[in-house]
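**Student:** Got a structure here, written out as structure tokens. Questions coming.
The values are calculated or read from the model by the stated rules, or taken from the named source; none is laboratory data. Please read all numbers here as calculations on a predicted model, not as lab measurements. Cβ sites come from the backbone with ideal geometry, for glycine too, and all protein chains shown count toward neighbours. The accessibility values were calculated without ligands, DNA or RNA, using every heavy atom of the protein model including side chains. Shrake-Rupley method; radii C 1.70, N 1.55, O 1.52, S 1.80 Å.
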Amino acid sequence: MNKSNTDAKSLLMIHIAVLFFGMAGVIGRGLTIPSFAVTFGRVFFSSITLFIVIKCTNTPIKLQSRGDFWAYIAAGIIMALHWTTFMRSVQVASVAVGTITFSTFPLFVTFIEPVLFKEKLKVKSVICALLMLLGVSILVPPDGGGATVSGIVAGMVSALTYAILSLLNRRFSSRYAGSVVCFYEQSIATLALIPFMLAAPPAVTGKDILSLVVLGVFCTALAHSLFVSSFKKVRVQTAGIISGGMESVYGILLAFLLLGEPPTAREIIGGCVVIAVTVYTTLTNSKE
């Protein structure tokens, strides 16, 4: 398989993963249990799924160094914070607010990645990131209510923590399979959230558990394995711009189809900007 076909496959993996990411916000919106409990169920069922996959495929799981062990602990804690704040944003505001504010994470990646990996900051990446910011700023609803502000703040924290997590995953993806990276991070995130579950155990119904299984297996285990694996052929900046933009579009579309939350005119205009930037990024990356 030549380089262009390999890159195209990696880009397709990103888009499939991001579609499931968008669905995660919709599922989280439909749950009434606290955001930390949603995140706990998500990483718990995902960890089990990933462990089964790793064992069935005989994928090497042993860590290569003690440094990786501590890095995974940090990544797992960051992941727990990221998903808890994202679910909080979706629940207190809306799917649109949660996914849109999360979409700002490529801006953090664009400027942090070159410093950490001693790479040249590309002008194209900066322009695309700024255009993406323009798109999401159009999408943000004008409502200045407390719930919206709270959701935006939680979403921005989610964006910052995910930017850091993505850069850690770049380090891991060069040495470990995507399923192994996700297994360690999500297992540690599960352990990190246990104290919160014990301190304030939520009342969970059978429907909640079924939703959490779908969230963990498809929107987490499958989606994040695909996303992390794509880093072997696609830059984190490119993956971030695609993820940050299309998750908003997919999330808003799914919220309309499944929850009956129609997009506003601002969301449609902003979505068009986001799609245009994403298509451009996808096409130019496959040619490089």
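**Student:** Return yes or no: is ALA154 farther than 21 Å from ALA17 by Cβ and surrounded by fewer than 14 Cβ atoms within 10 Å (Cβ to Cβ)?
**Tutor:** no
**Student:** Taking the residues in the stretch 176-205 that are small (Gly, Ala, Ser) and farther than 13 Å from ILE33 by Cβ as candidates, determine which candidate is surrounded by the most Cβ atoms within 10 Å (Cβ to Cβ).
**Tutor:** In this case the residue turns out to be ALA189.
**Student:** May I pose another question? Considering only the stretch 113-136, state which residues are modelled with pLDDT under 80, under 27 Å from VAL149 (Cα atoms) and open to solvent by 60 Å² or more (accessible area, probe 1.4 Å).
**Tutor:** LEU133, the sole residue that qualifies.
**Student:** Consider ALA203 carefully, then state whether it is small (Gly, Ala, Ser) and part of a loop (DSSP other than H, G, I, E, B). Explain how you work it out, then say what you get.
**Tutor:** Numbers: small (Gly, Ala, Ser): yes; part of a loop (DSSP other than H, G, I, E, B): yes.
Judged against the criteria, ALA203 is a match.
**Student:** Next question. Does any residue in the stretch 130-149 that is over 27 Å from ALA276 (Cα atoms) come within less than 6 Å, Cβ to Cβ, of a residue that is modelled with pLDDT of 75 or more six or more places away or on a different chain, and which pairs are these?
**Tutor:** The qualifying pairs are ALA147/VAL92; ALA147/ALA93.
**Student:** Also, I was wondering about something else. Please find, among ILE52, ILE100, the residue that is touching a residue at least 12 places away in the same chain (Cβ under 8 Å) and in a helix (DSSP H, G or I).
**Tutor:** Details: ILE52 fails: touching a residue at least 12 places away in the same chain (Cβ under 8 Å).
Checking each option against the conditions leaves just ILE100.
**Student:** Output the number of residues of the stretch 56-79 satisfying the condition of being more than 24 Å from ALA163 (Cα to Cα), open to solvent by less than 80 Å² (accessible area, probe 1.4 Å) and assigned to a helix (DSSP H, G or I).
**Tutor:** Here the count works out to 0.
**Student:** Working only within the stretch 156-179, note down all residues that are at pLDDT below 80 and in a helix (DSSP H, G or I).
**Tutor:** If the condition is that a residue be at pLDDT below 80 and in a helix (DSSP H, G or I), then ARG170, ARG171, SER173 are the ones that fit.
**Student:** Quick check on the stretch 140-147. Is at least one of its residues open to solvent by 40 Å² or more (accessible area, probe 1.4 Å), touching a helix residue (DSSP H, G or I) at 6+ places or on another chain (Cβ under 7 Å) and either at pLDDT 90 or above or at positive phi (or both)?
**Tutor:** No, the conditions are met nowhere in the stretch 140-147.
**Student:** For the condition open to solvent by less than 30 Å² (accessible area, probe 1.4 Å) and assigned to a helix (DSSP H, G or I), what is the one hit in ARG29, ARG42, ARG88?
**Tutor:** Selected residue: ARG42, the only one of ARG29, ARG42, ARG88 that is open to solvent by less than 30 Å² (accessible area, probe 1.4 Å) and assigned to a helix (DSSP H, G or I).
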